[in-house]
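Engineer: One structure is given below, represented as structure tokens, and several questions about it will come after.
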Amino acid sequence: MNHAVVTAQVERFRALVARHLGLQFEDAKMGWLADVLRRRMECNGRTAEPSLARLGVRPSRNELGALAQELTVGETYFFRNIDQFHALRECVLPDRLRAPGARRGLRVLSAGCASGEEAYSIAMTLRELLPDPSCELWIRAVDLNPAMIEKALRARYTAWALRETPPAAQQRWFRADGRELVLDDAIRFAVTFEERNLSEDDPELWLPGAYDIVFCRNVLMYFAAESAQALVARITRSLAPGGYLFLGHAETLRGLSQAFHLRHTHGTFYYQHKDGVAPTAQPTPAQDSEPDAAGRVLAAVVETADTWVEAIAKAAERIRTLTQAATPAGTAAGSPGRWHLGPALELFRQERFAEALDLVQALPPESARDPDVLLLHAVLLAHSGQLVQAEDACHRLLAIDELNAGAHYVLALCREGAGDRHGAADRDQAAVYLDPSFAMPRMHLGLLARRAGERETVRHEMAHALALLEREDASRLLLFGGGFNRETLLALCRAELQATGKSR
Ligand SMILES: C[S@@+](CC[C@H](N)C(=O)[O-])C[C@H]1O[C@@H](n2cnc3c(N)ncnc32)[C@H](O)[C@@H]1O
């Protein structure tokens, strides 16, 4: 039997995997995908063309299961991202129990449950909150990988899987059997496990309004953008009005859905279906002759200013004398929207904030519904010290696009200006969560921590900001960099790090 495969066949295989399983693999994984394809050909006793043809038409459940075993990452453990379980117990469950129809019980889906630890952690949390066995709990857990479902059904784990499990839960719900820890039947039988493909539009799995809460953690990160969008649409449809969605800590709905409110409690982020829920709520010169000197000046200004917004205002004049005023063409942020924001951005780049603000405010009233206009307006208002108005512009923007990381960052500046340090840090954290590559909220978190004397946090955030600033997008630096260029901001971060006893 010829088990040779050529690049074009591996490409087709990759596309078929994305179509049927939703999974996306980058070019660096092509060699490994070729090995997987060969193994499947060997196992099925077919050469490449018939194998791909079969996969193209209608792959059997067995074949999808076998592919899932080869291609998916099943890493999981009990109470992973435990903050989310605190939020589940203290906010989400009480809220769902107050929802209309809650007397029927609670319905939870663990989508991409792997070997069951997530679903069982949900069951323990629910049982502890609702000890009355008459309260109906329905926890459904699904995964494409049959080996994972089998392991979940066995409900026997190693101590490693319980590494984040609170001692009280370990004692209450597990008993040792040799080297294994056996899960109590009361939890075991509270969960129904099924082999299901999240990439399929399975009408039974995705019945409208079927779930109060969906956990779909560390699954979307492996999905191709289109598959992720389709899966989020199914989850949206199957959530009851006001229902909740938990994603992995490195995953966001940014760019995938506008159907959810972002929730931030217990140091973690999650989402609530909007239905039925009222809403709560400069220039970057390519070169800088003396970046470190500018950074030192800025650090000194930051020292005497009460807030970062104030530092922006105080430092602008002094920094300008140290940096080259000229900016090469083409570094200004362009606006892809309907409104021509170029002139306002050019004035902004020249630090002529008041004139830029006049231009934005002279735009036709319907522009106030354009997210780009609202964001620029908010930034300009913040730069001119009109923090209440800036905050209002941010809230209007968030009403259209709740997952806009820039709006959360500008709100952080406004909150700091209003003396609300915790509110400011909260907004920065939301910006960081929504866009992990966004440098400015990291730097701002570092500055907030510095004022609070939290040395470790200063180190952590400034080191992060430093790494991100090196790669930060030029137009974003222009908009959010407070009028400072990349080198100056880098120098500020280095100076702050040095002050904590660590430098880079
Ligand atoms: C990294 S694990 C996440 C487990 C758990 N949710 C957690 O966060 O700890 C990802 C799981 O998603 C499953 N998965 C990937 N693609 C899937 C699909 N198309 N349908 C169902 N499950 C899928 C994998 O089999 C794997 O068990």
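The values are calculated or read from the model by the stated rules, or taken from the named source; none is laboratory data. Since the model is a prediction, treat every value here as computed from it, not as a measurement. All Cβ positions, glycine included, derive from the backbone under ideal geometry; neighbour counts span all protein chains shown.
Engineer: Give the residue, chosen from Leu448, Leu434, that is within 15 Å of the chain's Cα centre (by Cα) and closer than 19 Å to Leu413 by Cβ.
Structural biologist: Leu434
Engineer: Another question, if that's okay. Read through the list (1) more than 9 Å from the ligand (Cβ to nearest atom); (2) over 19 Å from Glu90 (Cα atoms), then give the number of the only condition that Asn145 fails.
Structural biologist: Only one criterion in (1) more than 9 Å from the ligand (Cβ to nearest atom); (2) over 19 Å from Glu90 (Cα atoms) is unmet by Asn145, namely (1).
Engineer: Scan the stretch 184-211 and report the pairs whose first residue is polar (S, T, N, Q) and whose second residue is more than 16 Å from the ligand (Cβ to nearest atom), with Cβ atoms within less than 8 Å and a gap of 6+ or a chain change.
Structural biologist: Filtered contacts from the stretch 184-211: Thr192/Trp138.
Engineer: Additional query: Yes or no: Gln84 surrounded by 13 or more Cβ atoms within 10 Å (Cβ to Cβ) and under 23 Å from the mean Cα position of the chain (by Cα)?
Structural biologist: Taking the combined requirement at face value, the residue satisfies it.
Engineer: Further question on the same structure: Do any helices (runs of 4 or more DSSP H) lying entirely in the stretch 306-391 carry at least 3 residues that are modelled with pLDDT of 85 or more, and which ones are they?
Structural biologist: Where helices (runs of 4 or more DSSP H) fall fully within the stretch 306-391 and carry at least 3 residues being modelled with pLDDT of 85 or more, they are 353-361, 371-383.
Engineer: For a quick check of your reading of the model, give me the residue pairs whose first member lies in the stretch 483-497 and is charged (D, E, K, R), whose second is outside any helix (DSSP H, G or I), with beta-carbon atoms closer than 6 Å and at least 6 apart or on different chains.
Structural biologist: Arg486/Thr284; Glu487/Asp288
Engineer: Moving on. Look at Ala66 and say whether it is over 29 Å from Ala141 (Cβ atoms) and at pLDDT 95 or above. Quick ask: steps written out before the conclusion?
Structural biologist: Details: over 29 Å from Ala141 (Cβ atoms): no; at pLDDT 95 or above: yes.
Against the criterion (over 29 Å from Ala141 (Cβ atoms) and at pLDDT 95 or above), Ala66 does not qualify.
Engineer: Scan the stretch 157-190 for residues that are under 21 Å from Asn81 (Cβ atoms) and of a type in the set (Val, Ile, Thr) and jot them down.
Structural biologist: Thr158, Thr165, Ile187 - these are the residues of the stretch 157-190 that are under 21 Å from Asn81 (Cβ atoms) and of a type in the set (Val, Ile, Thr).
Engineer: All but one of (1) closer than 27 Å to Glu70 by Cβ; (2) more than 6 Å from the ligand (Cβ to nearest atom); (3) in contact with a Gly (Cβ under 9 Å, 6 or more places away or on another chain); (4) not in a loop (DSSP other than H, G, I, E, B) hold for Arg140; state the number of the condition that does not hold.
Structural biologist: So Arg140 meets the others, but not (3).
Engineer: Go through the stretch 189-218 residue by residue and tally those that are outside any loop (DSSP other than H, G, I, E, B) and buried (at least 18 other Cβ atoms within 10 Å of the Cβ).
Structural biologist: So the count comes out to 8.
Engineer: Next question, about the same structure. Condition (residue is within 15 Å of the ligand (Cβ to nearest atom) and not in a loop (DSSP other than H, G, I, E, B)) applied to the stretch 36-47: is it met by at least one residue?
Structural biologist: Scanning the stretch 36-47, I find at least one residue that is within 15 Å of the ligand (Cβ to nearest atom) and not in a loop (DSSP other than H, G, I, E, B), so the answer is yes.
Engineer: With respect to the numbered conditions (1) touching a strand residue (DSSP E or B) at 6+ places or on another chain (Cβ under 9 Å); (2) over 18 Å from His395 (Cα atoms), which one is the sole condition not fulfilled by Ala430?
Structural biologist: (2)
Engineer: Now for a separate question. If you go through the stretch 279-292 one residue at a time, do you hit one that is at pLDDT 70 or above and either outside the structural domain of Leu387 (by TED's automatic domain parsing) or under 30 Å from Leu387 (Cα atoms) (or both)?
Structural biologist: So far as the stretch 279-292 goes, no, none of its residues is at pLDDT 70 or above and either outside the structural domain of Leu387 (by TED's automatic domain parsing) or under 30 Å from Leu387 (Cα atoms) (or both).
Engineer: With the checklist (1) buried (at least 20 other Cβ atoms within 10 Å of the Cβ); (2) of a type in the set (Ser, Thr, Tyr); (3) modelled with pLDDT of 90 or more; (4) touching a helix residue (DSSP H, G or I) at 6+ places or on another chain (Cβ under 8 Å) in hand, flag the one item Thr457 doesn't pass.
Structural biologist: (1)
For every residue, the table says whether it meets (1) more than 13 Å from the ligand (Cβ to nearest atom); (2) in contact with a Phe, Trp or Tyr (Cβ under 9 Å, 6 or more places away or on another chain); (3) not in a helix (DSSP H, G or I).
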site	(1), (2), (3)
Glu63	yes, no, no
Gly74	no, no, yes
Tyr77	no, yes, yes
His86	yes, no, no
Arg96	yes, yes, no
Ser110	no, yes, yes
Cys113	no, yes, yes
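Engineer: With respect to the numbered conditions (1) in contact with a Ser or Thr (Cβ under 9 Å, 6 or more places away or on another chain); (2) over 14 Å from Arg476 (Cβ atoms), which one is the sole condition not fulfilled by Arg415?
Structural biologist: (1)
Engineer: Mind listing whichever residues of the stretch 219-228 are more than 10 Å from the ligand (Cβ to nearest atom) and assigned to a loop (DSSP other than H, G, I, E, B)?
Structural biologist: Selection gives Ala224 alone.
Engineer: Within the group Gly56, Gly31, Gly116, Gly65, which residue is crowded, with 16+ Cβ neighbours inside 10 Å and outside the structural domain of Arg188 (by TED's automatic domain parsing)?
Structural biologist: Gly65
Engineer: Can you pull out the residues in the stretch 230-248 that are surrounded by fewer than 16 Cβ atoms within 10 Å (Cβ to Cβ) and either in the same structural domain as Ile400 (by TED's automatic domain parsing) or not in a strand (DSSP E or B) (or both)?
Structural biologist: Taking the stretch 230-248 as the starting set, the residues that turn out to be surrounded by fewer than 16 Cβ atoms within 10 Å (Cβ to Cβ) are 233, 237, 241.
Ala233, Arg237 - these are the residues of the stretch 230-248 that are surrounded by fewer than 16 Cβ atoms within 10 Å (Cβ to Cβ) and either in the same structural domain as Ile400 (by TED's automatic domain parsing) or not in a strand (DSSP E or B) (or both).
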